[in-house]
Amino acid sequence: MPEQRKLLTYLVPYVLMSSLQYQFAKDGLKYVDPMTFMGIRYFIAAAICFVIARNFRPILNRDTVLLSFFTFLSSAIWIYGLEYVSPAQSAVLSYTMPLFAIPLSVLLIKERVTPLVWTGALVGFTGVAIYGLALVSSGGSALGAVLSFGNAFFWALYSVYIRKLRVQDPVRTVATQFFVGGLFYLPLIPFVFFLNPTPGFFIDLGYVSLIGGVTSLLVWSAMLRMETVGKITTLVFAVPATTVIIQSILTDQLPTAFSVLGICVMFAGIYVSRLRGAKQTVVISPVNTSVSGPSS
């Protein structure tokens with residue numbers, strides 16, 4: 001189906017971009033404190049999105065400000081958690097997100113969720129839990145795990161709000177999301193400021209701002225305009241699985257049998273959620289799902 005092919009053209013690059021982001025963000029924390037890192041990232045991403053939109057006016061309404069606040073909370077908690085766990089561990093724990101996103105989408109925007117989508121989410125979460133057992137056995141940080149779960153909740157919340165705001169200009173919405181989110185970082189930076197502007201810092205900042213920031217969030221926003229929150233969020237169980245594989249390649253350390261089993265179960269969850277019986281009614285909005293700027 002054309003719609004499925006279009007979704008795939010967004011999903012594959014999103015999975016690759018998001019999987020690599022954990023590596024660059026973890027490395028960046030060697031040169032800068034978490035709040036300054038994310039604050040700079042947000043303002044760079046906001047400026048680029050406003051340029052793409054050819055409109056520098058933020059969209060300031062209640063839901064967009066809430067979207068920005070939830071995004072800020074998600075990334076702030078995520079980056080602090082990343083100090084205590086590996087990139088692969090952070091990815092896997094953060095992708096408990098679908099289990100929060102599905103009930104939140106039912107509660108906040110009244111989406112219908114079929115039994116197969118629920119089943120796929122639960123199967124995928126089982127894969128996350130299996131990997132989590134491997135994390136505990138390897139002495140992973142409990143604080144890092146708790147922070148990663150917190151990130152998952154607020155990421156789910158802002159994903160639901162992106163879906164809720166699908167009738168707005170997608171690029172200006174993301175630009176506002178970054179700009180207002182960046183403002184929330186400003187009062188925190190003076191208390192924790194540390195920066196060592198080496199070439200490595202600028203490489204890491206460039207990736208998390210341009211690829212993991214602007215491009216990734218625009219693509220995520222576009223996907224959430226195509227299908228319901230339940231179906232899209234279950235798809236991204238592919239990200240932690242891919243991150244584990246990438247980390248294994250970079251470190252020359254093969255994942256344990258438990259980790260491999262967890263990865264396989266995550267992909268099984270994606271498969272179950274995409275079965276034909278999981279088809280859902282989607283409200284077609286007049287908004288263009290393209291991530292390009294408006295023509296006007």
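The values are calculated or read from the model by the stated rules, or taken from the named source; none is laboratory data. Keep in mind it's a predicted model, so treat the numbers as computed, not measured. Please note: Cβ atoms are built from the backbone with ideal geometry, for glycine as well, and neighbour counts cover all protein chains shown. Accessible surface areas use protein heavy atoms only, side chains included; no ligands, DNA or RNA. Shrake-Rupley method; radii C 1.70, N 1.55, O 1.52, S 1.80 Å.
The single condition among (1) part of a helix (DSSP H, G or I); (2) open to solvent by 30 Å² or more (accessible area, probe 1.4 Å) that Trp155 does not meet is (2). Leu20 fulfils the conditions (1) at pLDDT 95 or above; (2) within 25 Å of Gly150 (Cα to Cα); (3) open to solvent by 50 Å² or more (accessible area, probe 1.4 Å) except for a single criterion, (1). When you scan region 46-56, do you find a residue that is at pLDDT 95 or above, aliphatic (A, V, I, L, M) and within 13 Å of the chain's Cα centre (by Cα), even just one? Within region 46-56, not a single residue is at pLDDT 95 or above, aliphatic (A, V, I, L, M) and within 13 Å of the chain's Cα centre (by Cα). Considering (1) within 17 Å of Ser159 (Cα to Cα); (2) open to solvent by less than 10 Å² (accessible area, probe 1.4 Å), the lone condition that Gly81 does not fulfil carries the number (1).
Which of the residues that make up region 30-69 are assigned to a helix (DSSP H, G or I), β-branched (Val, Ile, Thr) and either under 29 Å from Ile203 (Cβ atoms) or open to solvent by 10 Å² or more (accessible area, probe 1.4 Å) (or both)? Before you say what the answer is, go through the steps one by one.
First pass over region 30-69, keeping only residues assigned to a helix (DSSP H, G or I): 34-53, 62-69.
Filter once more, keeping what is β-branched (Val, Ile, Thr): 36, 40, 44, 48, 51-52, 64-65.
Across region 30-69, the qualifying residues are Thr36, Ile40, Ile44, Ile48, Val51, Ile52, Val65.
Give the number of residues within region 85-117 that are of a type outside the set (S, T, N, Q), in a helix (DSSP H, G or I) and in contact with a helix residue (DSSP H, G or I) (Cβ under 7 Å, 6 or more places away or on another chain). Number of matching residues: 16.
Can you confirm whether Ile232 is of a type in the set (Val, Ile, Thr) and more than 14 Å from the chain's Cα centre (by Cα)? Working first, answer last.
Values: of a type in the set (Val, Ile, Thr): yes; more than 14 Å from the chain's Cα centre (by Cα): no.
No, not satisfied.
Restricting attention to region 70-81, does a residue exist that is in a helix (DSSP H, G or I) and either in contact with a Cys (Cβ under 8 Å, 6 or more places away or on another chain) or modelled with pLDDT under 85 (or both)? Step through it out loud before you land on a result.
Within region 70-81, the subset in a helix (DSSP H, G or I) is 70-81.
With either in contact with a Cys (Cβ under 8 Å, 6 or more places away or on another chain) or modelled with pLDDT under 85 (or both) added as a condition, the list becomes none.
No, because not a single residue in region 70-81 is in a helix (DSSP H, G or I) and either in contact with a Cys (Cβ under 8 Å, 6 or more places away or on another chain) or modelled with pLDDT under 85 (or both).
Might you check whether a residue that is under 24 Å from Leu8 (Cα atoms) and surrounded by fewer than 17 Cβ atoms within 10 Å (Cβ to Cβ) occurs anywhere in region 127-145? Looking for residues that are under 24 Å from Leu8 (Cα atoms) and surrounded by fewer than 17 Cβ atoms within 10 Å (Cβ to Cβ), one finds none in region 127-145, hence no. Residues being polar (S, T, N, Q) and at pLDDT 75 or above: count how many of those fall in region 131-175. Number of matching residues: 5. Listed by first and then second residue, the pairs linking a residue in region 182-194 that is farther than 23 Å from Ile48 by Cα and β-branched (Val, Ile, Thr) to a residue that is open to solvent by less than 100 Å² (accessible area, probe 1.4 Å) and not in a helix (DSSP H, G or I), with Cβ atoms under 9 Å apart and 6 or more places separating them unless they lie on different chains, are Val192/Asp33.
Only residues that are open to solvent by 10 Å² or more (accessible area, probe 1.4 Å), assigned to a helix (DSSP H, G or I) and more than 16 Å from Phe24 (Cα to Cα) were counted in region 172-216, giving 9.
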